[in-house]
Structure formats: structure tokens, C-alpha cells
Amino acid sequence: MPLHKGPEKPDERPLSVNPFYGAADPVGGMTEAPPKHRLPTAPLPPFTAYQVVHDELMLDGNSRLNLATFVTTWMEPQAGVLMAECRDKNMIDKDEYPRTAELERRCVAMLADLWHAPDPSAAVGCSTTGSSEACMLAGMALKRRWSQRNADRYPAARPNLVMGVNVQVCWEKFCNFWEVEARLVPMEGERFHLDPQAAAELCDENTIGVVGILGSTFDGSYEPIADLCAALDALQERTGLDIPVHVDGASGAMVAPFLDEDLVWDFRLPRVASINTSGHKYGLVYPGVGWALWRDKEALPEELVFRVNYLGGDMPTFALNFSRPGAQVVAQYYTFLRLGREGYRAVQQSTRDVARRVAERVAALGDFRLLTRGDELPVFAFTTAPDVRAYDVFDVSRRLRERGWLVPAYTFPPHREDLSVLRVVCRNGFSTDLADLFVEDLEQLLPELRRQPGPFTRDKGAATGFHH
């Protein structure tokens, strides 16, 4: 969560409120809004408070037109009703809300089966507030297992975690918060994610694990998890080092099982110790819910699991957060029940088809070069063609925003800081019709962009609020 501070200057004069928001008499009710940075003295009527907040939120972007986010922006009305019915239930009170806890357990069992756990009944897992928390939990388990195996050297030895430079920022936070050295495999040439052999070469006796990403947020590509495991198998044969793998499947773990069934990336690989996914991404649930699963009880050290006598019941729990609503977990179970395997396959295939269609049409415009085509995650990245000099991707992002489209432009990390791209995420709800409107708007912008004397962006770091 971002950190905020108080106002840099005293409250300015409150903005005027429409007289019609008054309680009864449109000229006799409240005509000024309350202060912005301190509690108002008196209460407001509920409809006045609602309208004041509602009107300010109109300045937010339209979530359905947000092509930057992976997060679900549309669900069926029935799911919304269920969530409203469960928003007052505290997920942590499993003794008080046993059926909500049972739905969470069923979701874990379904995911263990989907991800080919050797014995789904022996796999352990939990819901989280999202993949960031799930990654933190998985990292904690990796570190604890390593420290147990190296009790004679720890804490003097410094643990490290190997991953591609393209990892989501939550992994950088994990390494910072839990004092683990981050060993990053850089990008090279047209390879925009982790190289298995390079990752293996960074491993040593202090490596707690290697993170493989099933669906890089930078370009939507899958990292080669099976090749990574094979490289670590070879490393073990040479050195005796047994390095586990965690698969960050924030998006791809809810795409590949349905569209890429022959791709081996999950618990079918013995070296994969744990997997996470975001239920609120391609799991098709509103934010925020994630899932963390471990192959078996041995992969999750028992001392990390708290057994709390809470409200009269014994409650095993593994989480960084405590109180949170049960609504998202219930919505996840509803979606699993509602769609089933064939339903998920149809939805994910539709989003991939849209991504491929849009990518092809963008490439056909002639001004852009595709880095990916949406044939793994329903995501594609593109940059300006080599002969385009009048504008850059930041100009395109800014101009698309004028038409309501939120498309991130950003620079790649080491060693490809020279490459700046646009990325389009296609989610359920981004229909073929909306996709066609997007391409039409992009095409209509090109004549004016081509007439520019040069790119208008001076500070690329400040050109977008998107950082991953």
C-alpha cells in the first residue's frame, strides 16, 4: 500500500455543494462541503455524504477501459450479490463462520487437483489478500526450510533468492523485509525473462529457492519452468545442491491449465515446492483474493503455522493479514462452481483470441513492432517501429488516455533500459467490440502523432504512474 501524509498546506475553503443535496429544502440545507483533511464537526445526511464522495470518484479512470491492470473488473450480478451477503463475515473467524471456511478449503482442494499435486488431499494451502501476500508466505517457507537445513551456518550465512529481473515488485519487498539477497537474472537481447542456465549459475549453498514466473507482467510471456527445473536437476547432480522452485503463477496459473494443458510447469515437476495465483486476476474474482499452495506438509514448515484458540475453536492459520472479509473467497468458490473446467477454458480462450486479434491489428498499422502476441498470457507488448521518430510510446499512452484508454508505457529493466514499450492486458469483459474500438482510436491518433516534430516526453520516469 502507498504511504500517505497529511496536507502540505492548511485546508482551503471547502468546495460548494449543490443545494439540492440539502435534507429537505434545496435552499435551506447544507450548501458547503465538509473540510477535506480533518473530521467535520457535525454529521451529514447519508445521501449528501454519498453524493460528495461519488462526485469526486467520477474523476477516476473507467476500470473497464483500464488495459494496464490484470485485476478483474467485471463479474456477474449474482457474484456481486453473494459478495454483498458475505462482506460482514470475517474470514479469520473460522469457528464462527464454518461454511465460509469450508468453501476456502474446497477452493484449495480444487487448485491442488488443477495443478496436479501428487496427492491433492496432502497438499496444503490458504487464501490470501492477493499474490503479493501469497509470494511473501511462499518466500517465508523457502527461507525457513533453508535455515533448518543449514542450522549450523545460519544466521551467520546470508540467504539468497534467485529470480529474473522481471519479477513483480512484491519479490523485491520480500527480499528487503526478510533480509534475503535478491540475485536477479538480467534481460538479454530479445529474451525478456529468466534464462534457466543463468539462474542455475547464480545458485549456491545459500540459495533458498528460485522463482519462476508463469506469465511475466512485462510482456505476458511464460518463463520455461520445466527447463528451469532441469537446469537445477543438473546442478544437483554436479554439486549436491537441492534448490526448490516456487512458481509465481499470479496470472498464468489460471490460464495454462485450461489453454496449455500439455505445458508442464506445476506440481508434475518434483522440484516445484509451491505455487501462487491471484484469484482476482484470471481467477475472475474482484480484488482482493490470492492463493498459496504447497506440494505437501513437508514443503510448509509446521512452525510457521499458528494454531490459535480463537473464539472457542482451534484454528491453524498461515497469513500476514488477519481480519478480512470472506466475500472474495466465497466469490472464488462461486466462480469455480459456475464455470467449471469447460467454462474457464471458454473464458480464457476468448481473452486470448481478443489479445491475438488486437496484436495483429496493431502490427498491421505499420508504426509498431510487437514483442509478444498474446499467445501465452492474453497480454501483448509493443514498441514503436525503428523508423518512427516523431513520437514515442509515452506520447501514445498520453494521447490514448484522452480517449479514456489507460495503457501503460514503461522502460524495461537491466540490461534493456533502452527499450520502452506499451502493454495491453486483455481480461474477461474486454470484448471484441471494445477491442475494435480501441484499435480504431489508436489508428485515429496516428496522423497527428506522425506530424509531431519529435517525442514530447522529456522525463520518462514521470510520464506514467505505472511502475510494473
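Convex hull volume per residue, computed on the Cα atoms of the range 63-110, equals 121 Å³.
Top to bottom by accessible area (1.4 Å), largest first, where do Tyr97, Tyr344, Tyr333 land?
Final ranking, largest accessible area leading: Tyr97, Tyr333, Tyr344.
Using +1 on the beta carbon of Lys and Arg, -1 on that of Asp and Glu, and nothing else charged, what's the dipole of the range 323-468 about the Cα centre, debye to 20?
400 debye
I want to verify the translational diffusion coefficient of the range 132-172 in µm²/s; compute it with Stokes-Einstein, Rh as the Kirkwood radius over Cα pairs, at 20 °C and 1.002 mPa s.
Translational diffusion coefficient: 189 µm²/s.
Stretched out straight at 0.36 nm per residue, the stretch from Gln197 to Asp152 would grow longer than its current Cα-Cα span by 13.3 nm.
Ratio of Rg to Rh for the range 192-336: 1.02 [Cα atoms; Kirkwood radius as inverse mean 1/r over pairs].
Within the full protein context, the accessible area of His54 is estimated at about 70 Å² for a probe radius of 1.4 Å. Spread over its residues, the convex hull of the C-alpha atoms of the range 233-306 is 105 Å³ per residue.
The distance separating the Cα centre of the range 208-252 from that of the range 170-195 comes to 12 Å.
Consider all pairwise Cα distances in the range 132-204 and report the whole-number % of them above 19 Å. Every Cα pair in the range 132-204 considered, those over 19 Å come to 39 percent.
Annotation: extensible slack from Val53 through Ala182 equals 42.2 nm (criterion: 0.36 nm per residue apart, minus Cα-Cα distance). Electrostatic tally near Pro120: other residues with Cβ closer than 14 Å to its Cβ, Lys and Arg +1, Asp and Glu -1, net +1.
A compact globular protein would have a Cα radius of gyration near 2.2 N^0.38 Å; the ratio found for the range 304-440 is 1.48. Quick note on the range 184-241: its Rg to Rh ratio, both from C-alpha atoms and Rh being the Kirkwood radius, is 0.98.
Between the beta carbons of Thr317 and Gln78, assuming R0 = 45 Å, the FRET efficiency works out to 0.90 to the nearest 0.05.
Tell me the volume per residue, in Å³, of the convex hull enclosing the alpha carbons of the range 373-456.
Details: hull volume 9.2 nm³, N = 84.
Convex hull volume per residue, Cα atoms: 110 Å³.
Among Leu202, Leu400, the sequence by solvent-accessible area, most first, with a 1.4 Å probe is Leu202, Leu400. Its Kirkwood hydrodynamic radius, worked out from the mean inverse distance over all distinct Cα pairs, puts the chain at 24.4 Å. Working note: Debye formula, equal point scatterers on the alpha-carbon atoms of the range 160-263, no solvent; log10 I(q)/I(0) at q = 0.11, 0.14, 0.23 Å⁻¹ is -0.32, -0.52, -1.28. Per-residue extension of 0.36 nm, minus the Cα-Cα distance of Phe306 and Leu337, leaves a gain of 8.2 nm for this segment. Building the convex hull from the alpha-carbon atoms of the range 322-372 and averaging its projection over directions returns 6.0 nm². With all protein chains present, how much of the accessible area of the chain (probe radius 1.4 Å) comes from carbon and sulfur, to the nearest whole percent? Ligands and nucleic acids excluded, carbon and sulfur reach 53 percent. Per residue, the solvent-accessible area of the range 26-138 (1.4 Å probe, heavy atoms of protein chains only, all protein chains present) comes to 56 Å².
For the set Lys94/Lys297; Lys143/Lys297; Lys89/Lys143; Lys143/Lys173; Lys89/Lys281; Lys36/Lys89, the pairs lying more than 26 angstrom apart at their alpha carbons are Lys89/Lys143; Lys36/Lys89. The sum of -39500 (n - 2.57) across all DSSP H runs of n ≥ 4, divided by the residue count of the chain, sets its helix-only mean residue ellipticity at 222 nm to -11000 deg cm²/dmol.
The values are calculated or read from the model by the stated rules, or taken from the named source; none is laboratory data. From a predicted model like this one, the values you see are computed outputs, not experimental measurements. Backbone-built Cβ (ideal geometry, glycine too); neighbour counts: all protein chains shown. Areas reflect the complete protein model, heavy atoms only, side chains present, ligands, DNA and RNA absent. Shrake-Rupley method; radii C 1.70, N 1.55, O 1.52, S 1.80 Å.
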